Structures are given as C-alpha cells and as structure tokens.
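*Asks:* Please find one structure pasted underneath; my questions will follow.
The values are calculated or read from the model by the stated rules, or taken from the named source; none is laboratory data. Quick caveat, the model's predicted, so the values are computed rather than measured. Neighbour counts run over all protein chains shown; Cβ positions are idealised from the backbone, glycine included.
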Amino acid sequence: MKKNIALLTGGFSGEAVISYKSAATIQANLDPGLYNVYLIDIRKEGWWHTAASGIKLAIDKNDFTLTLDGVKIFFDVVFICIHGTPGEDGKLQGYFDTLGIPYTSCDAATSAITFNKRYTVAVAAMAGIAVARSYHIFRHSFVSADAYAAALTFPVFVKPNNGGSSIGMSKVADPADLPAAVQKAFGEDDQVLIEQMVKGREFTVGVYRSGGNIHVLPFTEVICDKDFFDFNAKYDGKTTEITPAEVTPVILQQINETAAKIYSVFNCRGVIRIDFIYEANEQRPYMLEVNTIPGQSEASIIPQQVRALGMDLKVFYTTIVEEALSIKA
C-alpha cells in the first residue's frame, strides 16, 4: 500500500523562494509507485494544499490532516523542504514529534542548535573540529563594534546568527566598515556573528544516513566569481562548482572523515550539507556551517553530488524517506 507523504514548502523567511524550487525537484523525483505526495505550503497566513481543481484546502493543525473530497488524509511521513524558519530551526520538528509523525530532517534539538551559527561552532569546537574565531552579539546588549574590531584580524564576515542563504551577510576588510555591516545583519536577526576569515579552498559536502550507516557524498569545490559566496552567488550562477572536487587523497580523507564526524556529533538525520574552508598552511578543514535542510533545486549542490555518486535522484529520495520511516517518532 502506498504511503502518504506531506511535502512541506514555503516558510516564514526570505528563503521561501528557494524552498519552492527545492520542493519542485523533490516532488518530481518521489516515486509515484511508492508514495502519494501532497504538496503543502506553510506560510504565516495559513497552511494549505492546493487540489487539482485549484481550490486551496486548509490543513487541520490539531492532527496535521487534510480533508480531500470528503476523505480525511493522514500522513505516514513528512518531507520537510523549508529553508529557514519554521522548517530548519526545530519548530516544525517539535510539532511533529508531539503528534508522533516521522519526518525526513534532523530532530528538533539538532535543528535548533545548527540553525544558530554560534552554537553550532561551539559544539563543533568542543568535539575537536576546527572552527574560525568568532564573536556572538545580541541586539539587546550591543553597544559598539569598536571592541570587536580591536580583537579581530581583518577581513571578517558579519552575518545574522540564525538563517541561511547568506542573506544579510557582509565581508568586511576595513574596521571602519564594521558598524554598518553589523547593522545590516541586525536587519535580519536579533543576533549577529562576527567571524574571522579563514583563507583557503571552499568545499561543501552532503551527508546522509541509510540503514543506520553514515554516507558522505562526493564533495564540491565552490569557486566564487564574487568576493564571497553570498545569496546572489549561490542562486544566480555567480560561482563555479566542481563536483566531485579535484583534491589529493589526503584532503579527500580529511574532509570525508570530518563530515562524518560532524554528522555523528550533532546526531543528524536525513541529508545535510556542511560547508568547509580547507586551510592550506595548517592542512586541515575548518567547518563553517551545517545546513540541515540544504537546497534541492535541479542545479543545487546536493542533486549534483547524488548524480556524481552515480545514484538516481528517485532512488536517493526513496532512501531518505525510508530512513525516516524506520525511525520511531
């Protein structure tokens, strides 16, 4: 008997536009012979599924069900494809845990921690993973950028502490430009991270679990045409992405082992993407971020890496769904 999948898209942040593209790829590659897929748009104005007739049908949030043609539909599993809040920060995960419905992403605790960039690097550092030096500042207690400018070596990156897609992010080479960059980041979040730049090659890698085992996808080198990998560079073709990356066996082993360790340390589920800078002088990878709901559009890095592995996207998404079903909510 086919399983009912709720494929969630949309969200409450500026990343919703990317969520729709990701959901389109996933929906096109979920096996119709195995699953009945219902696309559900999660917005602040409401949660709904658009029927084939074009009518928007509201989701009953009491039990997360959909009534279609007089029939109440219960979902066997939820495929979360919402970048940013509430799909990537643990809010929806906690809701589904309460209802006992399995889902494809990391659990509520892991999602909440990894959505907070500062807490992510703190946990990683305690596990012995190399991370950049950084400062975490809050709007309610922020006075001046001067103290941070004196304590850091420039250039630095300034970014909203919660969120993704590099929205609100700046690269600052001159300490005099730091206050404006901090205010730009505060425009997106009440918390800001000021992070010392690590120079080196940039890599990003997908990791997933199947049958209880952690698998690392062929990773990608990101070569940016711009000064840094911002929103436009990510989504408007301003980068060169080489998959699989052309690296030495030593770098390959280091990044694969570090990526698998991070997945384990954070107790991840589903497919995640981890961003690294490989520091040539120290000859080791520095972890930048953990993305628990990575982009899945046709041109996105995860589909690229799945294809580089020689795996069909339909097989890959079946693997992700079946792994979620195997975990008791």
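*Asks:* So, in segment 265-290, how many residues would count as being under 18 Å from Pro218 (Cβ atoms) and of a type in the set (Ser, Thr, Tyr)?
*Replies:* 1
*Asks:* To continue, here is another question. So Thr98 clears everything in (1) in a loop (DSSP other than H, G, I, E, B); (2) free of Cβ contacts under 8 Å to residues at least 40 places away in the same chain except one condition, right? Which one?
*Replies:* (1)
*Asks:* From (1) in the same structural domain as Val321 (by TED's automatic domain parsing); (2) hydrophobic (A, V, I, L, M, F, W, C); (3) crowded, with 21+ Cβ neighbours inside 10 Å, pick out the condition that doesn't hold for Val192.
*Replies:* (1)
*Asks:* When segment 148-189 is examined, which residues are found to be buried (at least 18 other Cβ atoms within 10 Å of the Cβ) and of a type in the set (S, T, N, Q)?
*Replies:* Asn161, Asn162, Ser165, Ser166, Ser170
*Asks:* I'm trying to understand the selection: among the residues of segment 112-138, which are in a helix (DSSP H, G or I) and of a type outside the set (Phe, Trp, Tyr)?
*Replies:* Hits for segment 112-138 are Ala112, Ile113, Thr114, Lys117, Arg118, Thr120, Val121, Ala122, Val123, Ala124, Ala125, Met126.
*Asks:* Six or more apart or on different chains, Cβ atoms under 7 Å: show the pairs whose first residue is in segment 300-329 and under 16 Å from Ser22 (Cα atoms) and whose second is among the basic types (Lys, Arg) and surrounded by 15 or more Cβ atoms within 10 Å (Cβ to Cβ).
*Replies:* Ile301/Arg273; Ile302/Arg273
*Asks:* OK, next. Would you check if Thr65 is closer than 28 Å to Thr318 by Cβ, in contact with a helix residue (DSSP H, G or I) (Cβ under 9 Å, 6 or more places away or on another chain) and among the β-branched types (Val, Ile, Thr)?
*Replies:* For Thr65, the condition - closer than 28 Å to Thr318 by Cβ, in contact with a helix residue (DSSP H, G or I) (Cβ under 9 Å, 6 or more places away or on another chain) and among the β-branched types (Val, Ile, Thr) - is not met.
*Asks:* Which members of segment 259-277 meet the condition of being closer than 21 Å to Ala132 by Cα, in contact (Cβ under 8 Å) with a residue 60 or more places away in the chain and crowded, with 22+ Cβ neighbours inside 10 Å?
*Replies:* Those that are closer than 21 Å to Ala132 by Cα, in contact (Cβ under 8 Å) with a residue 60 or more places away in the chain and crowded, with 22+ Cβ neighbours inside 10 Å: Ile262, Phe266, Ile272, Arg273, Ile274, Phe276.
*Asks:* If I ask for residues that are in contact (Cβ under 8 Å) with a residue 60 or more places away in the chain and in a strand (DSSP E or B), which ones from segment 197-221 would you list?
*Replies:* Arg201, Glu202, Phe203, Thr204, Val205, Gly206, Val207, Tyr208, Arg209, Ser210, Thr220
*Asks:* Assess whether Tyr20 counts as being in a strand (DSSP E or B) and of a type in the set (Ser, Thr, Tyr).
*Replies:* no
*Asks:* Related question: Mind listing whichever residues of segment 33-47 are part of a loop (DSSP other than H, G, I, E, B) and touching a strand residue (DSSP E or B) at 6+ places or on another chain (Cβ under 9 Å)?
*Replies:* Leu34
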